[in-house]
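Novice: Below is one structure. I have some questions about it.
Every read-out reported here was derived from the displayed coordinates using simple, explicitly stated rules and does not represent laboratory data. Fair warning: this is a prediction, and the values are worked out from it, not measured in the lab. Methodologically, a virtual Cβ is constructed for each residue, glycine included, from the backbone with ideal geometry; neighbour enumeration extends over all protein chains shown.
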């Protein structure tokens, strides 16, 4: 049966949109099928039930042919696909997590969704991000594990600790008790890599050992992000206008404080400059990158990825999209910034809305 062969939830929704009989023949998809909606008990004094959720970054293409048109309209945007409830699709801005209200009026037969990457987030049952968990990725279970409902995850938490958690655990297992300065974690070619604030990239052995992968970058910036682009590994080195806070500073606040009605605050210094480095894996050296050509790097809250502007409608290449210390994107605000490598400038997306045209809906970052 056709519906059995659909390999993505978005394709299933498009299948169900064709007609009533097709809708009856295929069940409503869930974008969390690969990850059971299990409840976690987090090792915090104010711990409560939390849910591990999956989202997918897609290129959303307008493909339907219209009358008097010889070809399909070649328009496409970046969109973040959230979990589906009762057959309804949740579309989010990939940078800011802002929910796209226009999603309810979409005809899915008009669009094709091309999956680019996956992201994992840890949220309370009321859908707020769990405060203190900076980055999460799923970690495969040992072959000896026969329970399909069990899973493990790697996380950077408490502003720099690297830990492992497995179904049934009460506490995180600290993987490196000498380094509490980890910044990012990425899955590349089925391997797990982490980077710390000094630019040391390591990989995680299945035995949970942290093994240095390449020479340290020793970049002068205060925050590092890992990005895979065209199969190569890049580091984005972010320079800030002040010192980063430590967990000792943030732990005085709880989730209710940050998510209380109308509560907004800057939770970190602002970005003032970026440098980009590419790993030459044959020579084991870092190459200073002056231009990304037609590509853009998107540094989201729970993932980072790269894409060519040639695959999208509008937008300008050779830039980095990011959220800053005072954006606090868990609210899904329209805040967001772009750094242009050509002139080393930083602007808010609301100021130059043409840069936000790569996201759906278009001009989502505009204040007008």
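Novice: Using Cβ contacts closer than 10 Å as the measure, can you line up 55, 173, 96 from fewest to most?
Specialist: The most exposed by this proxy come first: 173, 55, 96.
Novice: Extension gain residue 177-residue 272, at 0.36 nm per residue separation less the Cα-Cα distance, in nm?
Specialist: Once the chain is fully extended between residue 177 and residue 272, it gains 31.1 nm.
Novice: Compute the distance in nm between two label points, each set 7 Å from the Cα along the Cα-to-Cβ direction, one at residue 352 and one at residue 150.
Specialist: Output for this residue pair reads 5.1 nm.
Novice: What list do you get for 288, 176, 232 if you sort them by fewest beta carbons within 10 Å?
Specialist: 288, 232, 176
Novice: Once R0 is set to 22 Å, what does the formula 1/(1 + (r/R0)^6) return for the Cβ-Cβ distance between residue 343 and residue 285, expressed as a FRET efficiency to the nearest 0.05?
Specialist: The calculated FRET efficiency here is 0.20.
Novice: Let me ask something else about it. Tell me, in nm to one decimal, what length is gained between residue 169 and residue 211 on full extension, where the rule is 0.36 nm per residue of separation less the Cα-Cα distance?
Specialist: Answer, rounded to one decimal: 12.7 nm.
Novice: Follow-up question, since we're still on this one. Using Cβ counts within 10 Å as a stand-in for footprinting exposure, how do 174, 349 rank, fewest first?
Specialist: Lowest to highest Cβ neighbour count: 174, 349.
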